[in-house]
1. Treat the count of other C-beta atoms within 10 Å as a stand-in for reagent exposure and order 108, 141 from fewest to most.
2. Can you match semi-axes √(5λ) of the Cα gyration tensor in Å to one of these, (i) 33, 26, 13; (ii) 23, 19, 17; (iii) 26, 19, 16, based on a calculation from the structure here?
3. What's the exposure ranking of 25, 145, going from fewest to most Cβ atoms within 10 Å?
4. Using alpha-carbon positions, what is the distance between the centroids of segment 46-113 and segment 121-156, in Å?
5. Taking only DSSP H segments of four or more residues, each worth -39500 (n - 2.57), what value at 222 nm results for the chain once the sum is divided by all its residues, to the nearest 500 deg cm²/dmol?
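Where a number appears in this text, it was derived from the coordinates with a stated rule and is not lab data. From a predicted model like this one, the values you see are computed outputs, not experimental measurements. All Cβ positions, even for glycine, are placed from backbone atoms using ideal geometry, and neighbour counts span all protein chains on display.
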């Protein structure tokens with residue numbers, strides 16, 4: 001896995017999960033992609049606690065057109081972009097990209113700028129005021145990812161709300177994802 005950049009990737013066609021036919025996803029894929037519980041907690045359990053977050057980058061940037069639309073942002077509004085790989089049993093399992101609009105990071109949510117290698121999911125699901133929007137899915141080709149993969153992979157994304165402020169989390173399940181021993 002190398003560099004992080006979303007500027008040279010092809011646009012992703014995210015669709016509401018109900019727009020997929022049952023035959024497009026295996027039972028295993030449906031279980032992991034459509035589960036609304038904390039992915040972080042599920043990965044910790046599936047890896048027998050051998051879980052870690054690798055921070056690839058965190059920077060101020062501009063969301064893609066579809067990311068801005070999902071967040072209700074105007075184009076050219078800045079967001080804090082955080083890209084990580086979630087590892088289970090020393091294997092890269094999930095690439096995650098989070099977008100936190102600048103306006104969402106004011107006041108009590110300013111601490112989100114300093115997560116480092118702490119998992120965002122654990123924080124989100126610990127907050128009683130957290131709401132989650134619908135899950136959208138996409139099958140991404142290697143050309144649509146800012147990291148190196150050799151085959152198409154499934155991903156999901158949702159807009160979360162903390163203190164009624166939106167943030168977008170996309171989670172891409174990598175070919176090395178294997179939670180079953």
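1. Starting with the residue having the fewest Cβ neighbours, the order is 108, 141.
2. The value matching this structure is (ii).
3. Values: 25 18, 145 21.
In increasing order of surrounding Cβ atoms, one gets 25, 145.
4. 10
5. On the way: 4 runs with 28 residues, N = 181.
Estimated from H runs of four or more residues: -4000 deg cm²/dmol.
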